[in-house]
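This report refers to the structure that appears directly beneath it.
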Amino acid sequence: MTRSFEDLVAEAEAVSVEGWDFSWLAGRATEERPSWGYQRAMSERLASASAALDLQTGGGEVLAGAAKLPPVMVATESWPPNVAKATALLHPLGAAVVADADEPPLPFADEAFGLVTSRHPVTVWWEEIARVLRPGGTYFSQQVGPASVFELVEYFLGPQPEHVRRGRHPEDARRAAEAAGLEVVDLRAESLRTEFFDIGAVIYFLRKVVWMVPGFRVGQYRDRLRELDELIREEGPFVAQTTRFLIEARKDTP
């Protein structure tokens with residue numbers, strides 16, 4: 001690596017982090033993908049749906065990758081820059097984008113959708129999902145699991161208590177879905193390897209995935225970032241474990 005620490009920092013601070021497209025990290029970080037292939041599986045379900053809802057769609061990139069959208073396709077998003085980006089991307093495909101605060105209630109009638117999807121939701125309002133699903137309808141989601149990329153989180157924040165490390169456990173999601181009246185028909189989890197090849201990739205990731213190190217600012221962590229930069233130069237990529245789980249839940253028919 002020939003570029004200086006300051007050069008990498010300046011570049012990573014200046015780049016836009018709007019949307020949910022991580023292509024800027026190409027060649028600078030890698031993340032194993034879960035074996036189930038969420039986008040392909042989501043696309044298959046959308047192709048046979050008549051009305052579907054994609055929650056917390058980000059910039060709409062994942063939904064836009066579907067081969068065929070149903071006749072009624074709605075997506076929600078809370079962050080204004082992402083609402084604008086998703087609108088520009090999804091409207092030409094026939095999907096409506098609704099600005100929503102990601103808090104209950106969802107702005108839709110009871111039993112409005114046969115399919116609800118969501119990739120990496122920050123929060124999951126199970127009772128609302130159950131409410132807007134038609135009888136026989138399905139919720140299909142890939143979510144971030146417990147202690148995901150915590151090697152990086154704890155590098156900056158120090159050791160986290162067990163209840164924080166266990167947060168977002170798939171079995172908790174199962175119980176919450178069942179409490180809302182849904183039947184969990186599939187639940188799978190995997191631990192995957194993630195590598196960061198330079199300090200710019202770390203900064204970009206923490207700026208974009210804001211809940212990892214809440215309130216992350218380069219100025220606040222400059223000394224720690226410099227130490228990590230030196231570690232990567234001397235020892236190679238910073239390695240962390242990403243956790244993901246897939247959950248599919250169905251609303252029973254009367």
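Structural remarks
- Sites GLU127 and GLU235, calculated FRET efficiency, Cβ-Cβ separation with R0 45 Å, nearest 0.05: 0.40
- Note that the range 241-254 has calculated 3J(HN,Hα) couplings of 9, 8, 10, 9, 9, 10, 10, 10, 10, 10, 8, 5, 7, x Hz, one per residue in order, obtained from phi through the Karplus relation 6.51 cos²θ - 1.76 cosθ + 1.60 (θ = phi - 60°); glycine and proline are x.
- Three-way shape call for the range 52-191 based on the alpha-carbon gyration tensor, with the a/c threshold at 1.5: oblate
- Per the Kirkwood formula applied to alpha carbons, the range 137-254 shows a radius of gyration over Rh ratio, Rg over Rh, of 1.09.
- In the chain, the inverse of the mean reciprocal separation of distinct Cα atoms equals 19.4 Å; this is its Kirkwood hydrodynamic radius.
- Full extension of the segment from VAL15 to TRP36, taken as 0.36 nm per residue of separation minus the current Cα-Cα distance, would add 4.4 nm.
- Size of the range 160-226: Rg and Dmax of its alpha carbons, in Å, are 17.0, 50.
- Over the range 1-114, the fraction of Cα-Cα pairs per 5 Å bin, rounded to whole percents and listed from the shortest bin up, is 2, 10, 17, 19, 18, 13, 8, 6, 4, 2, 1, 0.
- Within a Gaussian network of the chain (alpha carbon springs, distance under 10 Å), most fluctuating of HIS91, HIS169, HIS120: HIS91
- Tensor-based shape of the range 1-60 (alpha-carbon gyration tensor, a/c under 1.5 rounded, otherwise prolate or oblate): oblate
- Cα centroid separation, the range 37-69 to the range 181-254 (Å): 23 Å
Values in this text are rule-based calculations from the coordinates and carry no lab data. Every value quoted in this text rests on a predicted model; they were computed, and no experiment measured them. Ideal geometry is used to build each Cβ from the backbone, glycine not excepted, and the neighbour counts take in all protein chains shown.
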